[in-house]
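The structure appears below as structure tokens.
All of the numbers you see were taken from the coordinates with simple rules; none came from a lab. Worth saying up front: this structure is predicted, and the values here are computed from it rather than measured. Cβ: placed from backbone, ideal geometry, glycine included. Neighbour counts: every protein chain shown.
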Ligand code: SF4
């Protein structure tokens, strides 16, 4: 019997290791994500030797809802891990994907998710080379959870780390913040506001490639996902034992996000992004790097948002839009759950 | 979006700040109290004090509902939840206030109490409908802004014939607190930035006595940074002109008489308590509300017989002096050491409107300068 991808549903047997599972893998995952390594069909993928230092990163995705404006759990699972490898200064090559499916989940939707993964992987130039599928009883999961692990090769001579920010360095942001988090929230029950907000979910490896090619003295790259820009900058300040001084007016926020945040009582600086990066570079290279970023589609609205300063307390400070000064603190209290 | 940006415009702010600098005499100090936590938050969040000349000193007022609730009131809620087994609902901030024996409502939950965070009292009413086998108590706090929704909920529960819903009522009155501050011996205050949202309900008339009888200028201001700057400028002009009037900067929302409908609703459901204890301000006569006899069955205090017992603040905590405007967060020895927003010792470190929390979150870099 053929797998009914139109009306069928996930059954316990799809994760049991038997024929049903083999069929699901063959007709859905292998077909859509197809490549020679996945086609090997063994317990693991045998990959060719890679030149240079390897970078490896892993991330689980539990976003709710599974589909949101600008993406879905499939594209998110690919881009999230691609970006984590990328901001280490590496070229992502391979992904492993583990699915936890809930019994009863429509196969048609699962197919949409896997198709979206395939598109995202193609766009990012990575291959999904191995995977796993488990099924949990109805009510024990929430449709689909996906964990992805990525491997990439670090560019020679490039060492990026959150520890490397130095007083005087420039802090660059690749574009407007808060879109992913507000796009998700706009989909949640009872929060029907501006539907024009679209998640920024995207793979950043192309942009980073261009930035590394520029020859600018890059010290730190990081993608401000959960906890938003504020949390990322505080992490970096702490790691580097330096302070930061930002200019609030320079941080790009699109009007729809600003309005949604106002309505929800959120600060866009704490809202998740899935296609943005923070770059810290030597001040003398900031203009050049900014120009390179702005030439890339994912960096069009890149901005210089502040500088690293000497501060033994590692405070991230901000000159507010009206000219006062304040701390942009760590997120305290609850984060928005299930955002990625 | 324009509607927000208009009130946060950097050029306008600088323009207003320059006006304040011009207006402020250099041979004296202006001690201005921002009554509301909303103003305290805006001042810290936007770094407003950086724009003010040294002669202008902002003093935090007691207008933070979570801050002024004394420990004994939280204890009552904890006792209800732990001893009477009710499902206790309140806002997130209320759940984190430390009460007696180091317990907060949140920690009581870990000890087996059924404590629920809700976003509004109507959520609590809904819980009562959904859980007829449970007693639901809503811990109601707040000034005149949050009182009308409580009145609506009580009436709704009445109309629905709910027998398992009641309110632990801690609604307090702004003018009473203001009078208590002005009555403090040797109080040094030159003017008051008056409440924004509260005034939309009660209007500006109730403050006229503070201008007329206490000689203190009052300027009602919105919660946006430009509102606060404008109000400061208006206060300075009054003070320099030896005037004491109630002026309204927040005309886009506040009238002299306020919202009649909301006032009527409050009047219909609540009556004055003889006296109520506030954190920092002590017992103030006629400063808080309780449910009218007609709604007594929705009054958790009466229904469960939980009496109020006064409890002193934790040792080292300066919340009381801060709420009276006598001290600042940095004067507390445990500020940012033993007391942080993650692990608050006093109530002023809990709500984002609390003076200590606002200073910790936005302004603590100043301690190092
Ligand atoms: S720092 Fe904490 S203990 Fe001290 S006054 Fe503020 S809230 Fe109270």
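Points to keep in mind about this one:
- Look at where the Cα atoms of the range A:75-109 and of the range B:337-369 average out, and the two centres are 40 Å apart.
- Calculated mean residue ellipticity, 222 nm, chain B: -10000 deg cm²/dmol, from DSSP H runs (n ≥ 4) at -39500 (n - 2.57) each, averaged per residue and rounded to 500.
- Normalised by the number of residues in the range B:61-125, the average gap of Cα pairs under 8 Å and 6 or more apart makes the relative contact order 34 percent.
- Burial ordering of B:337, B:255, fewest other beta-carbon atoms within 10 Å first: B:337, B:255
- Pairs of Cα atoms nearer than 8 Å and 6+ residues apart set the relative contact order; for chain A it is 22 percent.
- Build a GNM of chain B with springs between Cα atoms under 10 Å apart, and of B:341, B:54, B:352 the one that fluctuates most is B:54.
- Taking 0.36 nm per residue of separation and subtracting the current Cα-Cα distance, fully stretching the chain between residue A:262 and residue A:31 would add 78.7 nm.
- FRET E, pair residue B:293, residue B:184, Förster distance 30 Å, beta-carbon r, rounded to 0.05: 0.30
- Potential extension, residue B:275-residue B:343 segment - 0.36 nm per residue separation minus Cα distance: 21.3 nm
- Here the range A:107-142 is scanned for amide nitrogen atoms under 19 Å from the site 7 Å beyond the Cα of residue A:23 along Cα-to-Cβ, giving A:107-112, A:133-136.
- The simple Förster model, with R0 at 35 Å and r as the Cβ-Cβ distance, assigns residue B:311 and residue B:131 a FRET efficiency of 0.70.
- Alpha-carbon gyration tensor eigenvalues x 5, square-rooted, for chain B, Å: 36, 23, 18
- Our note on the geometry: Cα centres of the range B:121-135 and the range B:168-182, 29 Å apart.
- Based on Cα contacts under 8 Å between residues 6+ apart, the range A:12-154 shows a relative contact order of 39 percent.
- Prolate/oblate/rounded call for the range A:162-327, Cα gyration tensor, a/c under 1.5 rounded: oblate
- At R0 = 22 Å, FRET efficiency that the Cβ-Cβ distance of residue A:159 and residue A:49 yields, to 0.05: 0.50
- Separation between Cα centres of the range B:257-322 and the range A:139-154, rounded to whole Å: 52 Å
- Partner chain coverage, peptide B:42-51 - average Cβ within 10 angstrom: 5
- When each of the peptides B:189-196, B:153-160, A:37-44, B:203-210 is scored by how many other beta carbons lie within 10 Å of its residues on average, the order from highest to lowest is B:189-196, B:203-210, B:153-160, A:37-44.
- Residues A:86, A:319, sorted so that the one with the fewest Cβ neighbours within 10 Å comes first: A:319, A:86
- Counting all C-alpha pairs of the protein assembly as shown, share separated by more than 36 Å (%): 51 percent
- Counting other Cβ atoms within 10 Å as a rough exposure proxy, the listed residues B:313, B:331 run B:331, B:313 from fewest neighbours to most.
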